[in-house]
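Contents: one structure, followed by commentary.
The values are calculated or read from the model by the stated rules, or taken from the named source; none is laboratory data. Nothing here was measured: the structure is a model prediction, and the numbers come from that model. Ideal geometry is used to build each Cβ from the backbone, glycine not excepted, and the neighbour counts take in all protein chains shown. Note: accessible area is taken over every heavy atom of the protein model, side chains too, but ligands, DNA and RNA are not part of it. Shrake-Rupley method; radii C 1.70, N 1.55, O 1.52, S 1.80 Å.
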Amino acid sequence: MASYIVRRVLMMIPLLVLVSGVIFIVIQLPPGDYVSRHVARLEMEGVVTHEAEIEALKRRYGLDRPVHEQYLLWVRAMLRGDFGYSFAVRRPVLSVVAERLPYSIIISVATLLFSWVVAFLVGTYTATRQYSPGDYIASFLGFLGLATPNFMLALILMWIMYSVFGFTVGGLFSPEYQDAPWTMGRVLDLLKHLIIPVIVVGTAGTAGSIRILRANLLDELNKPYVITAEAKGVPPFRRLCKYPLRVALIPFTSTVGWELPNIVSGETITAVVLSLPTVGPMLLRALVDQDMFLAGSLILFLSLLTLVGTLVSDLLLAWLDPRIRYDR
Amino acid sequence: MSFLRSADVGYRRFLMTDRILDIQNLKTYFHTQEGVIRAVDGVYLSVRRRKALGIVGESGCGKSITSLSVLQVIPSPGRIVDGRVLFYPEAESDRPVDLAQLKRHGRELRRIRGKDISLVFQEPMVALSPVYTVGNQIIEALRLHEPHSKRRARELAVEMLDKVGIPNPDVMVDRYTFELSGGMRQRALIAMALVCGPKLLIADEPTTAIDVTIQAQILDLIRSLQTDMDMSVMLITHDLGVIAEMVDDIVVMYLGKVVESGSLHDIFDRASHPYTVALQRSIPRFQRRGQPLEVIRGNVPDPYTRPQGCEFAERCPKAMNRCFQDKPAMAEVGDRHSAKCFLFTDEVESAPGREANVR
Amino acid sequence: MSDNVRQPMLELINLRKYFPVKKGFFRRHVADVKAVDGVSFSLYEGETFGLVGESGCGKTTLIKNIVGALRPTSGQILFTDAGGQTHDIARADRERIEAIRRDIQMIFQDPFSSLNPRMTVQDIIGEPLLVNEGKGRRASRARVAELMELVGLNPELLRRYPHAFSGGQRQRIGIARALALDPKLLLADEPTSALDVSVQAQILNLFMRLQRELNLSYIFISHDLTVVQHISDRAAVMYVGHIVETAETERLYVSPKHPYTEALLSAVPYPHPDVKKKKVVLKGGAADPQLLPAGCPFHPRCPYVEALCSTRFPSLEEVTESQQHWSACHYADSLSLRGLDTLEESAGS
């Protein structure tokens, strides 16, 4: 088991290198760079720019060098903890990211937990009560959730919250807590504001997960080993949890890896609608502005998040399924 | 004994010996969206104490569902809709427990499952959970019925593994099923079934998925444990060879019904029902090498429709006109030997309403 | 036509197929699974050659090599086509193998998973015609109907999908597909194992009739000795990658010359209660082809084991007293082993 974990962690290093390379190529793909865009904008505003000035700017950011050198410079800087400078925000990338990434992580993890708990309960219920009214209702709501666009759901929920509960949504904090230090009250306020984003972002994934778990469990329920367990006198609830459910959770768990990036990208539009201070909208802007260091770092952080997610799901899998543990 | 029909004299005599299990008019149906599958449709059979009964038949004849119905471990949406499963734990003079009357998820039935009556499934690969060790699953079976400490239960599990011939039982107890060979898995499964010392072992195709040399070992094992542990055995198989080696009595099933029952020799030397006869002739034998085998014409009909007359009439070489209209009653063709065929009786199987007094 | 004039249509010479085993962090090549390890035999036109053995003995790997689905590690597979030309399948290029494949077709065990559920029977049987001869549905209809009739299926059902057919009928569809290109050789891998005995009888009869009518040759694989015995002219017994005994079927079953054959024969439950065989119950399971014991691979389970068996590997040698009968046992000539013949007589059937 230990060697499996070590192997699995070591495997992340070449993956990260590869990912960073791909990211760099992708953000270099659009013609031009931030400096040329900046210059173009200045010229449109009638400001005369000197060739030397532009060259100085380019040199400062290493934009005059060949692409592979730029990449190496970027990586070397990152290894020292220097993630570059955001042209658009005019602040070091790290400080910009540090401000927003935690909220993204909080929303993602909360969404994932919400999605799991709901999918687990509903999936188990619908599989064990196949074709019951509850199963049909859950399936109907699930398909509705899959089919409704996130921003629409966000708007509907905002309206309901406002008109029924008189609760203003938007952002992650009420105005009085916006810049307050961390207290119990602020945490509660955050949690309250999390409810809608989590529901909005998590609905589609939850609906999908319910279907997955339901199908897996239905496959397992009539397997001979479940019947064997029944035939030796294991009580129904304990039998369900110990035998088919555990095996049904195996494919369910493996979804966590790709669920995380889904959540992050799904969150972007929601974050715009709900004005959440997360990385989604910022990434979008950075890409539009060709703010390469910011965009690159954000994508890299998100990739890291995905890799960690897959690692966690792989470890969970190995814990759930001895066949994986013993295979290596 | 009012539920017995007069035509079932042979059957009644058959019952004279001490029985441990007596199934009467068992019906297990599957209500699906496409229709009702009458998987088991009025089965009568008995297992004699300390004897082995074999149930033979081809796929779809209901032999497996019959065996699963005994403990009500039928896959959904199957359900027992009628009949009795009388279990006499100690002696036939005792009051029987009607297993069909007990609640499927109730405590009473759970107390019998795995304790008095155990089940060994075919395909040991899938009959044990892949995510728990062999020991975990055996210890669970033991501690459900007997209040042993964990350590004591583990000792007993190791002892049982040793008894079924698994080498290094104290190591193997911590292995997962995927680490064992097919034969070892089947042994482990048998160990789990026998760990509480059941009175009746139901073995559903216990050797179908394993190689012949391993099959010989497993059959040997079941036979010797049957004597050692004073067990009765109900063996379900499609393999007439296995049956010939293992059992005392045989019932032959076709389309959810018992078409012939009798002793081992009755069935092999004096097979009466045309289906039994045809089944035996379709096996390749050494002396008739290379010659065409006798075949049963046609196919098993689809599960949703049942013929109006005798279930086998469509495929029967001896079918008469009335075979297509009426269902024959079970008829005595010898001592403890009966067949369900108009060749031996004029009586018709009783109408469904007649069984009303059974429950 | 005397024996020395007859040329085999298929000849395997010292065929080996090893699968590498990789272990550890860098997936180093640490060992080989010797799935097929030095197998030689010949097959003549119109003949059925039976291959018996327990799971993992290499019989399926062996025939996959013959159809070119696997590349042998070493050895030759000489196939003589209708024009009298001999090709070595072991060394043929893709194109040549495609051409030879028209003559050599496979039939699989599981009639449920080997047919595409989304294709009609017509398309399934006609597929080889489409792929190899570019014949569309219309052009091949007559041929498909003819093939269906040949295997005992009602040609009116050609628009049906496989799920509408029973297991036995599906196996017939598989056979019709295999026959579409007029092959010379059929490789049948456990073709009746998933079927009920009464259906098995129908399929075996079909195999025998087709052989007579079309002059086909078969390699027939089964773990069921009674089936192989019924249909084969000659048979071979395999054990962990080796042929341990081969002879004309009757000879093999009546007077086996290898202890493993004897054990197999005695282990088959005989379908009559009066046949009380003195069983040779072998200890343990088949050897792991990755960790073969030294000497004879069967010696740890052999009831007649001698000191020599654990040190020297027995090659397949012709038995002195019995012609055209080869055994890979050091003591083939001296052991007196029991076969099947005495059993059936005592059954009085």
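The table for this structure:
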quantity: Choice from C:31, C:180, C:267 showing the highest fluctuation, given a GNM over chain C with Cα pairs closer than 10 Å; calculated: C:31
quantity: Coarse-grained scattering of the stretch C:74-187 at q = 0.20, 0.22 Å⁻¹, given as base-10 log I(q)/I(0) from a Debye sum over alpha-carbon atoms; calculated: -1.04, -1.17
quantity: Relative contact order, percent, chain C [alpha-carbon distance under 8 Å, six or more residues apart]; calculated: 18 percent
quantity: Angle in degrees between helix B:150-163 and the longest Cα principal axis of chain B, rounded to the nearest 10; calculated: 60 degrees
quantity: Along principal axes, Cα extents of the stretch B:224-359, largest first, whole Å; calculated: 46, 44, 31
quantity: Accessible surface, 1.4 Å probe, highest first, among residues C:163, C:230; calculated: C:163, C:230
quantity: Carbon plus sulfur fraction of accessible area for the stretch B:117-197, probe 1.4 Å, in percent; calculated: 48 percent
quantity: Estimated distance in nm for a label pair at residue C:283 and residue B:335, the labels positioned 7 Å out from Cα along Cα-to-Cβ; calculated: 4.5 nm
quantity: Inter-part distance where the stretch B:189-236 and the stretch A:108-168 are each reduced to a Cα centre, Å; calculated: 50 Å
quantity: Scattering profile of the stretch B:153-204 at q = 0.32 Å⁻¹ [log10 I(q)/I(0), Debye over alpha-carbon scatterers]; calculated: -1.36
quantity: B versus C: buried accessible surface, summed, Å² (probe 1.4 Å, to nearest 100); calculated: 3700 Å²
quantity: Estimated [θ] at 222 nm from DSSP helical runs (n ≥ 4, -39500 (n - 2.57)) normalised by residues in the protein assembly as shown, nearest 500; calculated: -13500 deg cm²/dmol
quantity: Candidate lysines for bridging to residue B:327, where Cα separation is under 16 Å - those fewer than 8 sequence places away on the same chain excluded; calculated: B:257, B:318, B:340
quantity: Choice from A:215, A:56, A:231 with maximal GNM fluctuation in chain A (Cα, 10 Å cutoff); calculated: A:231
quantity: Average beta carbon contacts from partner chains per residue of B:212-224, 10 Å cutoff; calculated: 5
quantity: Cα convex hull of the stretch C:257-338, projected area averaged across orientations, nm²; calculated: 6.4 nm²
quantity: Prolate/oblate/rounded call for the stretch B:117-197, Cα gyration tensor, a/c under 1.5 rounded; calculated: prolate
quantity: Relative frequency of Cα-Cα separations exceeding 21 Å in the stretch A:180-271, percent; calculated: 54 percent
quantity: Accessible surface, 1.4 Å probe, highest first, among residues C:106, B:231; calculated: C:106, B:231
quantity: Area of residue B:123 that stays accessible when all protein chains are in place (1.4 Å probe, Å², to 10); calculated: 90 Å²
quantity: Degrees separating the helix B:182-194 axis from the principal Cα axis of chain B, which is the longest one; calculated: 90 degrees
quantity: Isotropically averaged projected area of chain C, using the convex hull of Cα atoms (one quarter of hull area), nm²; calculated: 20.9 nm²
quantity: Integer Hz, Karplus 6.51/-1.76/1.60 couplings in order for the stretch C:49-58, x for Gly and Pro; calculated: 10, x, 10, 10, x, 7, 4, x, 7, x
quantity: Per residue, in Å², the accessible surface of the protein assembly as shown once ligands and nucleic acids are set aside, probe 1.4 Å; calculated: 44 Å²
quantity: Residues in the stretch C:41-63 that a label on residue C:97 would reach, taking backbone N under 15 Å of a point 7 Å out along Cα→Cβ; calculated: C:61-63
quantity: Within the accessible area of the stretch B:13-108 (1.4 Å probe), percent carbon and sulfur; calculated: 48 percent
quantity: Rg over Rh, two decimals, the stretch C:144-268 (C-alpha only, Kirkwood Rh); calculated: 1.03
quantity: Relative intensity, log₁₀ I(q)/I(0), of chain B from a Debye sum that treats every alpha carbon as a point, q = 0.07, 0.11, 0.15 Å⁻¹; calculated: -0.31, -0.76, -1.34
quantity: Overall dimensions of the stretch A:31-130 by Cα: Rg and Dmax, Å; calculated: 23.0, 74
quantity: Kyte-Doolittle mean at least -0.5, axial Cα span of 30 Å or more - DSSP H helices of chain A; calculated: A:93-128, A:184-221, A:292-320
quantity: FRET efficiency for residue A:222 and residue B:146, using Cβ-Cβ distance with R0 set to 41 Å, rounded to 0.05; calculated: 0.90
quantity: Mean Cβ count within 10 Å, highest first, over the residues of peptides C:10-18, C:91-99; calculated: C:10-18, C:91-99
quantity: Accessible surface of the stretch A:97-320 [probe 1.4 Å, protein heavy atoms]: carbon and sulfur percent; calculated: 74 percent
quantity: Calculated Rg and Dmax of the stretch B:163-310 using C-alpha coordinates, Å; calculated: 18.6, 58
quantity: Principal semi-axes in Å for the protein assembly as shown [√(5λ), Cα gyration tensor, largest first]; calculated: 61, 40, 29
quantity: Burial ranking of peptide ranges B:140-149, B:112-121, C:112-121 (average Cβ count within 10 Å, highest at the top); calculated: B:112-121, B:140-149, C:112-121
quantity: For the stretch A:1-68: Kirkwood Rh in Å [reciprocal of mean 1/r, alpha carbons]; calculated: 15.2 Å
quantity: Cβ-derived FRET efficiency at R0 25 Å, residue C:13 paired with residue C:317, nearest 0.05; calculated: 0.90
quantity: The stretch C:20-95: C-alpha pair distances exceeding 21 Å, %; calculated: 41 percent
quantity: Gyration tensor (Cα) of the stretch B:9-112, equivalent ellipsoid semi-axes in angstrom; calculated: 24, 17, 11
quantity: List C:318, B:260, A:51, ordered by accessible area with a 1.4 Å probe, largest first; calculated: A:51, C:318, B:260
quantity: Neighbourhood net charge (11 Å Cβ-Cβ; Lys/Arg +1, Asp/Glu -1) for residue C:36; calculated: +4
quantity: Inverse mean reciprocal Cα-Cα distance (Kirkwood Rh) of the stretch A:97-320, Å; calculated: 19.3 Å
quantity: Cα-projected label distance for residue B:101 with residue A:73, points at 7 Å along beta-carbon direction, nm; calculated: 9.1 nm
quantity: Proximal lysines to residue B:163, defined as alpha-carbon separation beneath 24 angstrom and excluding residues fewer than eight positions away on the same chain; calculated: A:232, B:51, B:115, B:150, B:199, C:278, C:279, C:283
quantity: Rounded to 10°, Cα long-axis angle of helix C:121-133 versus longest principal axis of chain C; calculated: 90 degrees
quantity: Max mean-square fluctuation residue, GNM over chain C, Cα-Cα springs under 10 Å, options C:36, C:197, C:228; calculated: C:197
